[in-house]
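Everything below concerns the one structure shown next.
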Amino acid sequence: MIYTKDKEYLIEFGKNLKRLREQKGFSQEELANLAEVSLPQITRIERGVINPTICTIKSLAEGLGVEMSLMFVFETK
């Protein structure tokens, strides 16, 4: 179960992931391959539908070639 306040956080996390991915010029499929994460999982994370594990976030950061801390640089309401 995802609580309302957590849902907002997941949506903002997903928007940040999409922004970082697009800044690097990667498609979702390219990031999925680089991060060794499934394409549907990338899609669900960017939409804020699922709560990624810390290991998945680490893989995404490595795939993007960014510090893991940048994955959490966003504002919530």
| remark: Checked the stretch 61-75 for anything aromatic (Phe, Trp, Tyr) and not in a helix (DSSP H, G or I); matches are 74
| query | Of the residues 15, 58, 7, which single one is assigned to a helix (DSSP H, G or I) and either at pLDDT below 95 or touching a Cys at 6+ places or on another chain (Cβ under 9 Å) (or both)? | reply | 7
| field | Residue count for the stretch 1-57, restricted to those that are within 10 Å of the chain's Cα centre (by Cα), open to solvent by 60 Å² or more (accessible area, probe 1.4 Å) and more than 13 Å from residue 74 (Cβ to Cβ) | value | 3
| message | Suppose we filter the stretch 58-72 for residues that are within 16 Å of residue 12 (Cα to Cα), open to solvent by 70 Å² or more (accessible area, probe 1.4 Å) and touching a helix residue (DSSP H, G or I) at 6+ places or on another chain (Cβ under 7 Å); how many remain? | response | 1
| Which residue pairs have Cβ atoms under 6 Å apart, sit 6 or more places apart or on different chains, and have a first residue in the stretch 60-77 that is over 14 Å from residue 19 (Cβ atoms) and free of Cβ contacts under 8 Å to residues at least 40 places away in the same chain and a second that is among the aliphatic types (A, V, I, L, M) and not in a loop (DSSP other than H, G, I, E, B)? | 63/31; 63/34; 63/35; 68/61
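The values are calculated or read from the model by the stated rules, or taken from the named source; none is laboratory data. All figures in this text were calculated on a predicted structure; none of them were measured in a lab. Cβ atoms come from the backbone with ideal geometry, glycine included; neighbour counts cover every protein chain shown. The accessibility values were calculated without ligands, DNA or RNA, using every heavy atom of the protein model including side chains. Shrake-Rupley method; radii C 1.70, N 1.55, O 1.52, S 1.80 Å.
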